[in-house]
Amino acid sequence: MERTGPIIVALDFDSRRAAEAVVDRLGDECRFYKVGLELLTAAGPDLVRRLAAQGHEVFLDLKLFEIPNSVAGAVRAAGALGASMVTVHSMGGTGIMAAAVAAARDFPRLRVLALTVVTSMTGTDLADIGIGNSAEEQVLRLAGLAEKAGCHGVIASPQEIAPLRGMLGPDSLIVTPGVTLPGESRGGHARPGTPRTAIAAGASYIVVGRSVTRAADPATALQRVRSAAGL
Ligand code: C5P
């Protein structure tokens with residue numbers, strides 16, 4: 001396994017130059033990067049091709065929520081770029097998740113992950129959009145749908161990992177953003193956890209952004225995350 005093991009670094013930048021500067025500084029310390037909508041829109045898909053061609057794994061965080069035909073097309077495009085992971089919104093229902101899974105079959109390394117409830121949302125936010133469940137109940141409900149649709153795993157906050165692992169069993173991927181180091185600010189995460197609690201609860205991967213990418217020395221910061229995770 002690469003040095004970073006189950007740690008994915010989120011390249012949340014508004015330019016290719018800024019993203020590549022961090023990738024250069026991390027060097028062999030990191031092999032798995034998340035590219036989200038900001039960087040994809042600002043820098044273009046060629047950045048994803050380049051990262052993949054350099055031997056990196058790329059989690060393309062597209063958070064797809066569209067009609068099944070459009071979701072399938074976007075998943076095929078992600079696969080053609082060389083992405084290893086792509087996200088689809090589980091709140092879009094079984095149809096779009098199944099369409100994403102079917103489209104990914106042509107790309108053996110591409111895994112489809114269902115986004116459950118984003119980590120900035122609380123039970124109050126769910127009530128505002130007419131959902132009476134708690135965040136945890138909603139995450140488990142959506143994860144059940146994702147599993148039936150054939151998704152390879154789910155995205156959820158650190159606080160739902162343990163019940164999710166119990167429900168999904170050992171083979172599903174559970175990818176967890178919302179991880180902060182002890183003593184750090186929550187960074188907009190409503191349901192945060194530490195790297196150690198996330199890994200101990202059964203996360204397959206943790207996604208870390210600003211703690212690493214905005215650090216004066218990203219490689220040292222990544223090592224700190226790794227040791228905070230007990231890795
Ligand atoms: O907070 P951090 O910079 O570590 O964020 C890394 C990733 O976690 C982001 O790219 C985003 O997708 C996700 N995130 C989230 N909820 C938040 C903040 C970030 O899911 N409140």
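Mind checking which of Thr194, Thr41, Thr94 has the largest fluctuation in a GNM of the chain, springs on alpha carbons under 10 Å? The residue that fluctuates most here is Thr41.
Between Glu147, Glu160, Glu137, the residue with the greatest mean-square fluctuation in the GNM of the chain (Cα pairs under 10 Å linked by springs) is Glu137.
Length gained on full extension, Asp125 to Thr94, computed as 0.36 nm times the residue gap minus the Cα-Cα distance: 8.9 nm.
In sequence order, segment 39-52 has phi-based couplings of 5, 4, 6, 6, 9, x, x, 4, 4, 5, 4, 5, 4, 5 Hz under the Karplus curve 6.51 cos²θ - 1.76 cosθ + 1.60, θ = phi - 60°, and Gly or Pro positions carry x. Over the chain, dividing the summed -39,500 (n - 2.57) contributions of all DSSP H runs of at least 4 residues by the number of residues returns a 222 nm mean residue ellipticity of -12500 deg cm²/dmol. Our estimate of slack between Leu181 and Arg165, defined as 0.36 nm per intervening residue step minus the Cα-Cα distance, is 3.5 nm.
Taking the protein heavy atoms of segment 1-157 in the context of the full set of protein chains, the accessible area attributed to carbon and sulfur is 51 percent at 1.4 Å.
Considering only Ala219, Ala18, Ala74, the mean-square fluctuation computed in a Gaussian network model of the chain, springs between alpha carbons under 10 angstrom, is largest for Ala18.
If you wrap the tightest convex hull around every Cα atom of segment 17-129 and split its volume per residue, you get 116 Å³. Taking 0.36 nm per residue of separation and subtracting the Cα-Cα distance, full extension of the segment from Asp28 to Lys148 would add 39.5 nm. Just the Cα atoms of segment 99-139, one point each, no solvent: what log10 I(q)/I(0) does Debye give at q = 0.24, 0.26, 0.27 Å⁻¹? Debye intensities relative to I(0), on a log10 scale: -0.72, -0.78, -0.82. Solvent-accessible area per residue in the chain equals 43 Å², computed with a 1.4 angstrom probe and all protein chains kept.
Shape summary: segment 7-228 maps onto an equivalent ellipsoid whose semi-axes, from the alpha-carbon gyration tensor, are 25, 22, 15 Å in decreasing order.
The values are calculated or read from the model by the stated rules, or taken from the named source; none is laboratory data. This structure is a prediction, so every number in the text was calculated from the model and none was measured. Surface accessibility is based on the protein's heavy atoms, side chains included, excluding ligands, DNA and RNA. Shrake-Rupley method; radii C 1.70, N 1.55, O 1.52, S 1.80 Å.
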